[in-house]
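The values are calculated or read from the model by the stated rules, or taken from the named source; none is laboratory data. Because the structure is predicted, anything quoted here is derived from the model rather than measured. Cβ: placed from backbone, ideal geometry, glycine included. Neighbour counts: every protein chain shown.
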């Protein structure tokens, strides 16, 4: 690992990127450098998903379902609390070094948990502490993983590289669920904890070995931690286009998270499809989200993403409003498939724009704020969705959330910088 890995990029992307991009070198999203990195992240996601399934299963057998849900929610709080600090450290030490350290720390926690589980029966306290520690350490990994991709890819490939990264994570999560369920009967929690530890070790190794495409000079003079944290907030306030992107991301999360988390169960009941129907609707949404990554990777290098954002957020609003009138499962499947597709497309565009428009010296802090918006919006939106259902009913509630999505469309359409945005 280079001593100059500070996460501060001052050298711009090479001019004539599209011409040089035809070579599958270090800066190409299909180059061996980036593919290996993305594959290791997918393996880590697989271990995470397997552990989460086993953790949920075990907790639900030790305590009531409501208590298990509360414990899982509480164990995620350290991640939310520490995210902004994690962004500061990613900028201070460099995203690559921060990812390696975080993965090694998570690996150590899982190895320790496996050892404890081999010596004693699973206890609620042990499982809760393990989950909380992993969540806390993840707060330092997440901003760094968002900040490193512009250092690994030429600007022409940032959008498609992000799409490939998301595809690797989703593939790992999809595979981790059934693998975790199968491993419960084979070796129980100790085996799954060790599997997760191996995933973190692979991620740490890949992060340490990955080659940075852009030079990373030494950081400026280090300031007190709190001043660096508040500087990141001030930076966002001074960059109107970045602040508006975060508002659009928040509106997308607020409007689309509840219909996916809770709405599909209610819609399945309305159509008489029962629990199986909810599973089919979730699968349709997931298929659409996965398809969005493939569509993005097939796009040409230069793209007017501002226009695409307007179309995609407007289509998401149409899907949400139309779901209120669905009475048959096939129509719901089509709408959830389309919703997964357009939200997946807009999501990777918004993240890529944030990375491209943020100065490298504060990219970790900005990615921390972005992650805080995403992780914090879903629980708030779910609570608001439940209240709105009681007051308004199913169809009117979906139209209210569709209006939130249309507000995101309006922001992009009425802001020249966003409307004319390009990537690549």
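Quick notes on this structure:
- Every test in (1) within 20 Å of the chain's Cα centre (by Cα); (2) free of Cβ contacts under 8 Å to residues at least 12 places away in the same chain is passed by residue 121 save one, and that test is (1).
- Residue 301 meets the conditions (1) at pLDDT 90 or above; (2) closer than 30 Å to residue 242 by Cα; (3) not in a helix (DSSP H, G or I) in every case but one. The failed one is (1).
- One residue from 159, 133 being touching a strand residue (DSSP E or B) at 6+ places or on another chain (Cβ under 7 Å) and modelled with pLDDT of 90 or more: 159
- In summary, residue 182 fulfils each of the numbered conditions (1) in contact (Cβ under 8 Å) with a residue 12 or more places away in the chain; (2) surrounded by fewer than 24 Cβ atoms within 10 Å (Cβ to Cβ) with the single exception of condition (1).
- Set side by side, the residues 370, 345, 353 differ, and just one is crowded, with 22+ Cβ neighbours inside 10 Å, within 23 Å of residue 146 (Cβ to Cβ) and free of Cβ contacts under 8 Å to residues at least 60 places away in the same chain, which is 345.
- Single residue of 133, 126, 159, 117 found to be touching a helix residue (DSSP H, G or I) at 6+ places or on another chain (Cβ under 8 Å) and surrounded by 23 or more Cβ atoms within 10 Å (Cβ to Cβ): 159
- Just one of the listed residues (314, 308, 331) is in contact with a helix residue (DSSP H, G or I) (Cβ under 6 Å, 6 or more places away or on another chain) and part of a helix (DSSP H, G or I), namely 314.
- For residue 243, the test of being at pLDDT 85 or above, in the same structural domain as residue 346 (by TED's automatic domain parsing) and either in contact with a helix residue (DSSP H, G or I) (Cβ under 9 Å, 6 or more places away or on another chain) or closer than 30 Å to residue 114 by Cβ (or both) is passed.
- Checked against (1) over 19 Å from the mean Cα position of the chain (by Cα); (2) surrounded by 22 or more Cβ atoms within 10 Å (Cβ to Cβ), residue 50 passes all but condition (1).
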